[in-house]
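**Student:** After the structure tokens below, expect a handful of questions from me.
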Amino acid sequence: MDTRRTLFNLDGRTALVTGGSRGLGLQIAEALGDYGARVLVSARKQAELDAAVAHLRGRGIDADCFAADGANPEGVEALAEAAMDRLGQVDILVNNAGTSWGAPAESHPVEAWDKVFNLNVRGLFLLSQQVARRSMIPRAHGRIINVASIAGLRGNPPGAMKTIAYNSAKGAVVNFTRALAGEWGVHGITVNALAPGFFPSKMSEVLIEKLGEDALMGNAPLRRLGGDEDLKGAALLFASDAGAHITGQVLAVDGGYTAV
């Protein structure tokens with residue numbers, strides 16, 4: 001077989017992308033769909049999901065959606081059932097749904113801490129567990145891609161963000177990825193994480209507006225924010241046969257921000 005043009009091919013594969021109605025989740029859904037995968041996107045708001053599906057179908061992608069709250073165990077189970085019903089199986093799971101909260105550590109509300117961890121860590125674990133049980137382990141095949149963050153690789157400079165719960169949760173996602181890869185490799189499942197840097201999004205817009213792009217990215221080698229295409233290649237690597245021998249890894253996609 002000529003692998004030069006098939007390593008990234010996702011024809012016949014299925015993908016579930018959480019937080020897929022906008023931002024990085026939608027960018028990843030585009031990439032997987034453009035390379036042939038059938039895509040089910042999930043988020044909490046039906047109207048945003050409907051718009052995302054229309055957008056994906058406009059690109060020629062076989063796309064559907066299901067509204068669910070990933071912080072709620074019942075919502076996670078309903079999403080897993082819907083994915084099996086609509087896709088038949090799940091080859092690729094992208095755990096992208098997440099939330100943040102800004103507050104000084106000394107006064108950070110415990111309710112906000114729980115909100116961040118319930119979605120960013122517990123929900124990610126529960127959905128991975130559900131999908132693996134229902135589809136990946138029985139077939140001895142699967143690709144799990146967790147969307148972490150460079151916030152999980154380092155702390156915040158003085159005077160910048162005060163997001164102790166978000167940083168801690170994304171740090172948990174990083175080591176969750178490594179631990180799960182160690183357990184599920186025997187089942188033919190790879191587990192990797194993307195650690196995006198600063199991309200324009202609903203969560204980052206306040207910080208970007210406050211500091212400005214030049215001040216925020218001035219020390220990064222590429223000196224710019226991430227763009228609409230910049231996460232796609234890394235996601236495709238982890239999702240496709242090109243990444244078949246990669247597991248337990250965390251790839252920063254940040255313009256070199258964490259390298260200097």
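**Student:** For the chain, give the percent of accessible area contributed by carbon and sulfur heavy atoms, probe 1.4 Å, rounded to a whole number.
**Tutor:** 52 percent
**Student:** Please find the FRET efficiency linking Gln129 to Arg86, where r is the Cβ-Cβ separation and R0 is fixed at 22 Å, and quote it to the nearest 0.05.
**Tutor:** 0.65
**Student:** Determine ³J(HN,Hα), in whole Hz, for all residues of segment 35-46 in sequence, where each value follows from phi through the Karplus function 6.51 cos²θ - 1.76 cosθ + 1.60 and θ = phi - 60°; x replaces Gly and Pro.
**Tutor:** Rounded to whole hertz, the list is 9, x, 6, 7, 10, 10, 9, 9, 6, 7, 9, 5.
**Student:** Another question, then. Lys and Arg at +1, Asp and Glu at -1: add these up for the other residues within a Cβ distance under 12 Å of His141 and post the number.
**Tutor:** +1
**Student:** Shifting gears a bit: Within a Cβ distance under 12 Å of Gly33, other residues only, what is the Lys/Arg minus Asp/Glu net charge?
**Tutor:** It works out to a net charge of 0.
**Student:** Could you order His141, His245, His55 so the one with the most accessible surface comes first? Probe is 1.4 Å.
**Tutor:** Heavy-atom accessible area, descending, gives His245, His55, His141.
**Student:** For every helix of n ≥ 4 consecutive DSSP H residues, a contribution of -39,500 (n - 2.57) applies; sum these over the chain, divide by its total residues, and give [θ] at 222 nm rounded to the nearest 500 deg cm²/dmol.
**Tutor:** -11000 deg cm²/dmol
**Student:** Based on the Cβ-Cβ distance of Asn9 and His141, what FRET efficiency does E = 1/(1 + (r/R0)^6) give at R0 = 25 Å, to the nearest 0.05?
**Tutor:** In this case the efficiency is close to 0.95.
**Student:** Next up: Which one of Val174, Ala82, Asn72 is farthest out on the positive end of the charge dipole of the chain, using unit charges on Cβ (Lys, Arg +1; Asp, Glu -1) and the Cα centre as origin?
**Tutor:** Checked the options; the winner is Val174.
**Student:** Net charge within 12 Å of Gly23 by Cβ-Cβ distance, Lys/Arg positive one each and Asp/Glu negative one each, not counting Gly23 itself?
**Tutor:** Summing Lys and Arg as +1 and Asp and Glu as -1 gives -2.
**Student:** Taking the Cα centre of segment 203-250 as the origin, how large is its charge dipole in debye, to the nearest 20, when only Lys and Arg (+1) and Asp and Glu (-1) carry charge on their Cβ atoms?
**Tutor:** In debye, rounded to 20, segment 203-250 gives about 160.
**Student:** Follow-up. I need the GluC sites (Glu not before Pro) found in segment 173-260, filtered to DSSP loop residues with at most 12 other beta carbons within 10 Å of theirs.
**Tutor:** Loop-located and lightly packed - Glu229.
**Student:** Another one. Between helix 164-184 and the chain, what is the angle of the helix's C-alpha long axis to the longest principal axis, kept within 0 to 90° and rounded to the nearest 10?
**Tutor:** For helix 164-184, the angle is close to 30 degrees.
The values are calculated or read from the model by the stated rules, or taken from the named source; none is laboratory data. Just so it is clear, the structure is predicted and the values come from calculations on it, not from any experiment. All Cβ positions, glycine included, derive from the backbone under ideal geometry; neighbour counts span all protein chains shown. With ligands, DNA and RNA removed, areas are computed over all heavy atoms of the protein, side chains included. Shrake-Rupley method; radii C 1.70, N 1.55, O 1.52, S 1.80 Å.
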